[in-house]
Amino acid sequence: MIDTVVESRADVAPRLRTLLLTDLCNSTELVEKLGDTRSAELFQAHDRLVLELQQRWRARLIDRSDGLLLLFERAIDGLGFALDYTRGLRELGKEQNATLQSRAGLHVGEVLTWQNSSEAVNLGAKPLEVEGLAKPMAARLMALARPGQILVSAVAEPLAHRAARELGPRGEQLLWKSWGRWRFKGVPGAQEIFEVGEAGVAPLRVPRNGPKAWRDIPLWRRPAALVAEAAVLAGIATGVWFATRPQPAIAFAERDWVVVGDLRNVTGDARLDDALEQAFRISLEQSRYVNVLSDLKARDTLGRMQRPANTTLDRAIASEIALRDGARAVILPTVAEVGGHLRVSAEVIDPHTQTTVYAAYADGKGASSALASVDDVTEELRQKLGEALASVQKDSKPLPQVSTANLDALKAYALGQDAYGKDRFSEALQLYQQATTLDPKFALAWIGQARTLNAMVRTSEAMAPLHRAQQLRDRLPPREAMYLDGWSAELEAPDQALAKWELLAKMYPDFGPGPQNVAIQMLYRNRYADALAYLRMGTDTEDEDALFYDMQGRALLGLENYTQAAGMFERALQEKGSDSLRRRADVFAAQRKFAEAETLLAKAQVDNVYPWIDRISVAADKGDWANAFRNLEAARKVAGTIEGDPIRLRAFAVTEASLLLASGKKVEAGKLASGTARQSLRALEHDTLADLPDELDLALSATLVALRAGDGQIATEALVALDSRPHLRDLDYIAEMKAVVRAWQSIDAGRGDEAIALLKPFADGSARYQTHQALMQAYLLAGNRVSAAVQAKWLQQRRGLAYIEQGCGQCRQTLNVIDSNQVNRFSAKQ
């Protein structure tokens, strides 16, 4: 019987968790002062506070008496609990005219957890047990703390510090104080201890020595030794201090961010201005240890500081940018002539104090030595910031090898990067071309040309510079080589693009193009939760621009989270993301707030083709067919002026066919949809590989509308064309649309069960809206009205998805929205 009582289920392996241990100070004296009745009321209020904070900070309460033992997934959650608990105790104390404080210790480490059996719990055991070295470590920290003090281990501090912005405005005001190295009884090695708190609340006093924890003081600093040493060292103390004083330190951890200030060029050689600044960035960006804040992000922050974009990033300005964006350090490069040599130097600045904590320099002969000197300086800085020498040597190639030895070419590339970041694509293209004219082996500049031409919707022209960059792949830094692989797949092998971007994101999670391009692929596949995870996988705000917020808004709208989606689109609009205006209108429209949606869409530029898609859909959503057709004509006129984008006109043809179908003109709808599908199928013979997935998606969407209008002949042609392209046929979203088309063929033939079998494998949480619509029709045909009602309810509840679903230039948006209303009529009959 005893064996069954103590039986428990233990985790098979340790897990990394955050532990918070607190102790209520002077609780016995408090009970004596207040009396039993008031004390009971106070502790009941205390219990309510703890429960509220558990829910707010996702805490698991393991044990309690006068104190608490809590388990968290993340260090920032544990810190948030401790801060709110400290404030909450102060407020409870004020209500009772008493001082109520706690001591707290926060640590991150591996623990073993297991659940006791129900019999053991009934006999008084805790439901969950936690053991491991992390538990006594947290206890030692708590025992050291003074009343009201929160002590954090060296493991937990960088994790909590980097994520402090999640606490909102107060996270930027937190005080972080290192109390040096301490020794814990039973634990080998010294441990650095930090105090975290809010101004006016945290005591900011040295923790107390105790029998189980004490300051790690060298032998020569102990009182008895100091007396003996003082007599010997008094005469030479000043000289020894200046000769041996340690360099000031900066709390820099792996994947922390740095701001590179503007290069100070005092040589008079203008070629070195932009060229060497870009060289510093390229050299530093080879590191997987140091993250470099992009110049574009720094200029955006200048805008929020209400300063001109061309403001010089000197010590003060760069430090303010670092503080605003969460960067740990500022690097200020300088180039000067010293003693007949060209000296390249750099200072590492603590942005909090604006003091120099590290400096490095390298000398060379003439301008030709500059790039080698930059390599030497950045290598030394990386080591001083804590990167291992082996890592520096492994992840570094000489600048002339990974960029160019031609300073004029490097300057042209730097100016091209600036123009590209400001969406001046024609200017950027000319500058990248100038860079490759000066140095035909400048691989980064060839990549710049390819991505710029793609942004200008000149995909076929992008192939030549892409192929040239591929030939020069060995002249790229490792990160940029993987970036090239992603673009190569995007433009030449779309079925491999997701895997390439996922690999880049895994290797370099803080390099924005990796996670963002994975997120774009996930959005296209309706995998909205996965898209959010990739967008939030970096450590800091480097890529928090309009696109970053807009993509999060799209994912949240696809998940029907209207409130948060609206907030993200508002943030994007604040960052001047004009395209987010139409998506903010979609949030209103998905909730049938048509007046608000139309008010926003009226503010969109009339020569921008994309808001017209939403204007058409909102009118159709209201059943205002006349206005929907008027908006369609206006959209066609705008689309006809866009050079190199014929697919947009075909997408509007699918939209028109959807309107005709919904307004009862099935013959016209079928004829238009079939003709559009054939146009897309013919275009497949001439499109670049990058355009083929969208073109094929459009052809299948047009075929779907034709089938629903009663014209089934085109379906066979479309499926044959698809089967002749196996590299596209196997794309998951193309395979799904193929299944929808085949399912409608089965529905037309009266084979409902066959259609259900085709569609069910795709109804996995990321299915297209039209997949569920076809599934509903198939269930109705099969006589299964219960399952059809389930699909109808799903379609009713996913109006956000109906509006935001990607694919073929959102050619199915209007059809989706119309179907969401027809589902209402079906449900009303149930």
Within region 126-141, work out how many residues are small (Gly, Ala, Ser) and either assigned to a strand (DSSP E or B) or surrounded by fewer than 17 Cβ atoms within 10 Å (Cβ to Cβ) (or both).
1
With the checklist (1) under 15 Å from residue 256 (Cα atoms); (2) in a loop (DSSP other than H, G, I, E, B) in hand, flag the one item residue 323 doesn't pass.
(2)
Anything in region 34-87 that is out of contact with any Ser or Thr (no Cβ under 9 Å at 6 or more places or on another chain) and of a type in the set (Asp, Glu)? List them, or say none.
36, 41, 47, 52, 63, 84
If you go through region 492-537, how many residues are over 10 Å from the mean Cα position of the chain (by Cα), polar (S, T, N, Q) and under 27 Å from residue 561 (Cα atoms)?
3
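Conditions tested, residue by residue: (1) over 27 Å from residue 750 (Cα atoms); (2) touching a residue at least 24 places away in the same chain (Cβ under 8 Å).
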position: 629; (1), (2): yes, yes
position: 635; (1), (2): yes, yes
position: 658; (1), (2): no, yes
position: 676; (1), (2): no, yes
position: 682; (1), (2): yes, no
position: 695; (1), (2): yes, yes
position: 703; (1), (2): no, yes
position: 713; (1), (2): no, yes
Return only the number of the condition from (1) at pLDDT 90 or above; (2) assigned to a helix (DSSP H, G or I); (3) of a type outside the set (Ser, Thr, Tyr) that residue 695 does not satisfy.
(1)
In region 78-104, which residues are of a type in the set (D, E, K, R) and crowded, with 22+ Cβ neighbours inside 10 Å?
103
Some residue of region 10-23 being under 19 Å from residue 148 (Cα atoms) and part of a helix (DSSP H, G or I):
no
Which residue, of 66, 47, is more than 15 Å from residue 88 (Cα to Cα) and surrounded by fewer than 16 Cβ atoms within 10 Å (Cβ to Cβ)?
66
Inside region 293-320, the number of residues satisfying the requirement of being touching a strand residue (DSSP E or B) at 6+ places or on another chain (Cβ under 8 Å), in a helix (DSSP H, G or I) and at pLDDT below 85 is 2
Mind checking whether some residue in region 619-626 is more than 29 Å from residue 747 (Cα to Cα) and surrounded by fewer than 17 Cβ atoms within 10 Å (Cβ to Cβ)?
yes
Being part of a helix (DSSP H, G or I) and hydroxyl-bearing (Ser, Thr, Tyr) is the filter; apply it to region 551-597 and report the residue that is surrounded by the fewest Cβ atoms within 10 Å (Cβ to Cβ).
563
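Residue by residue, here is whether (1) assigned to a helix (DSSP H, G or I); (2) assigned by TED's automatic domain parsing to the domain that holds residue 93; (3) surrounded by 19 or more Cβ atoms within 10 Å (Cβ to Cβ) holds:
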{"residue": "143", "(1), (2), (3)": "yes, yes, yes"}
{"residue": "148", "(1), (2), (3)": "no, yes, yes"}
{"residue": "176", "(1), (2), (3)": "no, yes, no"}
{"residue": "186", "(1), (2), (3)": "no, yes, no"}
{"residue": "193", "(1), (2), (3)": "no, yes, yes"}
{"residue": "196", "(1), (2), (3)": "no, yes, yes"}
{"residue": "201", "(1), (2), (3)": "no, yes, no"}
{"residue": "207", "(1), (2), (3)": "no, yes, yes"}
Do we find a residue being among the aromatic types (Phe, Trp, Tyr) and at pLDDT 95 or above anywhere in region 799-817?
yes
Restricting to region 700-724, and then to whatever is of a type outside the set (Gly, Ala, Ser) and closer than 13 Å to residue 679 by Cβ, can you tell me which residue is surrounded by the most Cβ atoms within 10 Å (Cβ to Cβ)?
703
Give me the pairs, please: first residue somewhere in region 71-86 and over 17 Å from residue 61 (Cβ atoms) and without any contact (Cβ under 8 Å) to a residue 24 or more places away in the chain, second residue anywhere and in a strand (DSSP E or B) and among the basic types (Lys, Arg), beta-carbon distance under 7 Å, and either six or more positions apart or on two chains.
none
Being closer than 25 Å to residue 405 by Cα, β-branched (Val, Ile, Thr) and touching a residue at least 40 places away in the same chain (Cβ under 8 Å) is true for just one of 338, 374, 357. Which residue is that?
374
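The values are calculated or read from the model by the stated rules, or taken from the named source; none is laboratory data. What you are looking at is a predicted structure, and each value in this text was computed from that prediction instead of being measured. Virtual Cβ from ideal backbone geometry, glycine too; neighbours counted across all protein chains shown.
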